[in-house]
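The values are calculated or read from the model by the stated rules, or taken from the named source; none is laboratory data. These figures come from a predicted structure and were not determined experimentally. Counting neighbours? That spans all protein chains shown, and the Cβs are built from the backbone with ideal geometry, glycine included.
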Amino acid sequence: MEADPPMHPYPGEHVEIPQRTQTRKRKRRETQTRKRTQRRENPRLIKKSISDPASANPSIQLIYIHPSLEVASKKYLDTDSGPFVVYVSREVTDPSAGSSIRAIKFGQFLYKNKIKSIVNDGVKSVGRNKMSVEFKCGDAEFKGYIPTFNITRMGLVRGVPVEWHLDEFVESLDLPSGCGEVLKARRLNRKQITEGIVTWVPTQSVVVTFRGQVLPNKIYSYHTSLPVETYYFPSIQCVNCCRFGHTKIQCRSKPRCYKHSIPEILAT
């Protein structure tokens, strides 16, 4: 009597999707298409575009940006402590071409152009095709920039009245010694669902971006002490490859099934 064939193929073999799985995926796509159509027909269903007038004043300012943040170039201050990091990237016409910078190759480029003041182990790869500084030789097709997180610090301040404009809040601040000026202030919104309608209501929490590498423990507004907490960015997951740290627009990987993590299943 012959043995029954294994129920699951060996890893690496092609997986044939059952009919019910295909039906379930088709229904999911139809549901997503229907929701997109409803949002186009009814703008009230669009996320992050609604404020609840019953809970907050619609004219409330949700973001403040210092003029120097948009006009001035990013530079290190004399009071900043090292390390002084500058990112560099290669300019390419096609992002999907797959070209990248190797650390040793770029180190050779810096040596040949007599770029000094570089510490040992200072040239590192931080991602695919990254770095920005202005060189005298334009044929190199490199551009440089200082990453924002190296020259700024973000803190979370609670208890800022909802009816306040952020311009007024920033102007009222008295910062401690050694703390840089406020470059940006952004009020956080709270998600609220009422009868299937999504609304985003302003809260009393404000994310404040300080110039420099020092995050104060507290700041003062109208002679009132406000504690400053470290602000942590929310996790970002790509819906294309299911990896973390980037979005679908920035993704260069092949689509993967969010349930099985196997590209062949999604392709089938």
Check: Mind checking which residues of the stretch 146-191 are charged (D, E, K, R) and under 30 Å from residue 86 (Cβ atoms)?
Finding: 153, 181, 184, 186
Next item on the list: Among residues belonging to the stretch 69-121 that are at pLDDT 65 or above, among the hydroxyl-bearing types (Ser, Thr, Tyr) and in contact with a strand residue (DSSP E or B) (Cβ under 7 Å, 6 or more places away or on another chain), point out the one that is surrounded by the fewest Cβ atoms within 10 Å (Cβ to Cβ).
Entry: 87
Margin query: One residue is enough: does the stretch 156-167 have a residue meeting the conditions outside any strand (DSSP E or B), touching a Ser or Thr at 6+ places or on another chain (Cβ under 6 Å), modelled with pLDDT of 75 or more and not aromatic (Phe, Trp, Tyr)?
Written below: yes
Next item on the list: Just need a number here: residues in the stretch 212-241 that are surrounded by fewer than 17 Cβ atoms within 10 Å (Cβ to Cβ), closer than 30 Å to residue 257 by Cβ and polar (S, T, N, Q).
Entry: 2
Next item on the list: May I ask you to list the residues in the stretch 169-211 that are part of a loop (DSSP other than H, G, I, E, B) and either free of Cβ contacts under 8 Å to residues at least 60 places away in the same chain or surrounded by fewer than 18 Cβ atoms within 10 Å (Cβ to Cβ) (or both)?
Entry: 172, 175, 176, 177, 178, 179, 181, 195, 196
